[in-house]
Amino acid sequence: MPTPGAAALLAVAAALTAWAVVGAITELARRRQWLDRPNDRSLHTNPTPRLGGIGIVAGVGAAGAIAQLTGPWAFPWPLVLLGASVASVSLIDDLRGLPVALRFAVHLAAAVAAMLVYGAVDAVGLGQGEALALGWAAAPLTALWIVGFVNAFNFMDGIDGLAGGQALVAGLAWIAMGWATGQSAPVVLGVALASASLGFLRHNWSPARTFMGDVGSAFLGFLLATLPLLAAPRRAFAVPAVLIVWPFVFDTTFTLLRRLSRRENVFTAHRTHLYQRLTQSGWPHARVAALYMALAAGGAAIAVPMARNALPAWLGIAIVAAAAAALCGFVAGRERRLGGAGRT
């Protein structure tokens, strides 16, 4: 387990590297016209440099290099390198565009490789020593979770500070869960992710000077989805891993089901995510991002004792379900008060 001083060193390395690289990439993207131009799905009005996610990858790599040189703990390089491979394909997609099927294939291949190295989640801990065994479905469900969350994270990267803020909170949650259970791998990677995200947010908080692009959202989504594979026992971290990112999981799932129920084409661009509806109803980007960070922090507060088997899963899930219902009600209430503003 890294000492607080060692963890601080990793954090500084990741944050400063991300901050510097994002700044450099932003200037390069502006000169080369690698810009995110407003479209039917966008909630920004001006062309904005993208590819800032390269800085997040660099920040995590810098933390890994420092950990390798200074600490006896093992940095999870296989997982990070798989995340970097996913990010590399997404970088090509950002610059030139790639078929959706190819990107899904890469996500699935990386998920399978991660399970070959670390294993699948074979059971879901219910708290207080109880667990639901997954049996033959362990590998398929783990792969579905990884691929699904990588794409959910990408869908949710739509306003200033939202994706970076979620990654910051989730990284801090993994630090807390790792420290509470005496496991260094979640702590070290959590420090790297949280700090690199913080360095990126210096450029991305509203009004954003740059966007992370798919290269950043795919990298963060993959690592946050696969972090439970590093923990032991994995079953104890299955539900907590979802709770710390529940706003993204819920918003994506709710919006998908809502569009399917309306027989809409789910593959077309839209602006009907809950966070998008909040923004269109008048809330500024910073306020929406802060709300989602607060909701994720609430999930993290539940996840930490659950990872220590000190809280039953059903109670944590019930609390989050109530928060999700409140979020839906709040968004719908704002739209009604504003005479339907923000509905699409």
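Table for the structure above
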| quantity | calculated |
| --- | --- |
| Every residue from the stretch 106-138 that is more than 30 Å from Leu274 (Cα to Cα) and part of a helix (DSSP H, G or I) | Ala109, Val112, Ala113, Ala114, Met115, Leu116, Val117, Tyr118, Gly135, Trp136, Ala137, Ala138 |
| Among the residues listed as Ala269, Ala313, Ala300, Ala341, the single one being at pLDDT 95 or above, small (Gly, Ala, Ser) and at negative phi | Ala300 |
| Among the residues listed as Ala163, Ala139, Ala152, Ala170, the single one being surrounded by 24 or more Cβ atoms within 10 Å (Cβ to Cβ), of a type in the set (Gly, Ala, Ser) and under 28 Å from Asp122 (Cβ atoms) | Ala170 |
| Yes/no for Arg96 being buried (at least 19 other Cβ atoms within 10 Å of the Cβ), farther than 24 Å from Ala62 by Cβ and basic (Lys, Arg) | no |
| Tally, over the stretch 17-55, of residues that are small (Gly, Ala, Ser) and loosely packed, with under 15 Cβ neighbours inside 10 Å | 1 |
| Residue match in the stretch 73-92 (condition: aliphatic (A, V, I, L, M), loosely packed, with under 13 Cβ neighbours inside 10 Å and free of Cβ contacts under 8 Å to residues at least 24 places away in the same chain) | no |
| The stretch 235-245 - residue that is touching a Gly at 6+ places or on another chain (Cβ under 7 Å) and under 15 Å from Ala131 (Cβ atoms) and, of those, surrounded by the most Cβ atoms within 10 Å (Cβ to Cβ) | Ala238 |
| Helices (runs of 4 or more DSSP H) completely within the stretch 139-252 that count 3 or more residues being in contact (Cβ under 8 Å) with a residue 24 or more places away in the chain and among the polar types (S, T, N, Q) | 184-204 |
| Residue, modelled with the lowest pLDDT, within the stretch 56-72, restricted to residues that are buried (at least 16 other Cβ atoms within 10 Å of the Cβ) and over 28 Å from Phe211 (Cβ atoms) | Gly71 |
| Residues of the stretch 1-53 satisfying the condition of being in a loop (DSSP other than H, G, I, E, B) and farther than 30 Å from Leu274 by Cβ | Met1, Pro2, Thr3, Gln33 |
| Given (1) free of Cβ contacts under 8 Å to residues at least 60 places away in the same chain; (2) surrounded by fewer than 19 Cβ atoms within 10 Å (Cβ to Cβ), index of the condition Val106 fails | (2) |
| Near pairs, Cβ below 7 angstrom, 6+ apart or cross-chain, from the stretch 303-321 (closer than 21 Å to Ala232 by Cα) to any residue that is of a type in the set (Phe, Trp, Tyr) | Ala307/Phe237 |
| Evaluation of Pro207 against (1) of a type outside the set (Phe, Trp, Tyr); (2) over 22 Å from Ala15 (Cβ atoms); (3) surrounded by fewer than 24 Cβ atoms within 10 Å (Cβ to Cβ) (one fails), failing number | (2) |
| Only one of Leu43, Leu51 that is aliphatic (A, V, I, L, M) and modelled with pLDDT of 90 or more | Leu51 |
| Selection status of Gly298, surrounded by 17 or more Cβ atoms within 10 Å (Cβ to Cβ), free of Cβ contacts under 8 Å to residues at least 40 places away in the same chain and not hydrophobic (A, V, I, L, M, F, W, C) | yes |
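Results for (1) among the β-branched types (Val, Ile, Thr); (2) under 22 Å from the mean Cα position of the chain (by Cα), shown as yes or no for each residue.
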site	(1), (2)
Gln33	no, no
Arg50	no, yes
Gly53	no, yes
Ala58	no, yes
Gly61	no, yes
Ala67	no, no
Val124	yes, yes
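Quick grid of which residues meet (1) over 26 Å from Leu141 (Cβ atoms); (2) part of a helix (DSSP H, G or I):
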site: Leu256; (1), (2): no, yes
site: Phe267; (1), (2): no, no
site: Val288; (1), (2): yes, yes
site: Met293; (1), (2): yes, yes
site: Ala300; (1), (2): no, yes
site: Met306; (1), (2): no, yes
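The values are calculated or read from the model by the stated rules, or taken from the named source; none is laboratory data. Because the structure is a prediction, the values reported are computed rather than measured. Heads up, the Cβs are rebuilt from the backbone with ideal geometry, glycines too, and the neighbour counts pull from every protein chain shown.
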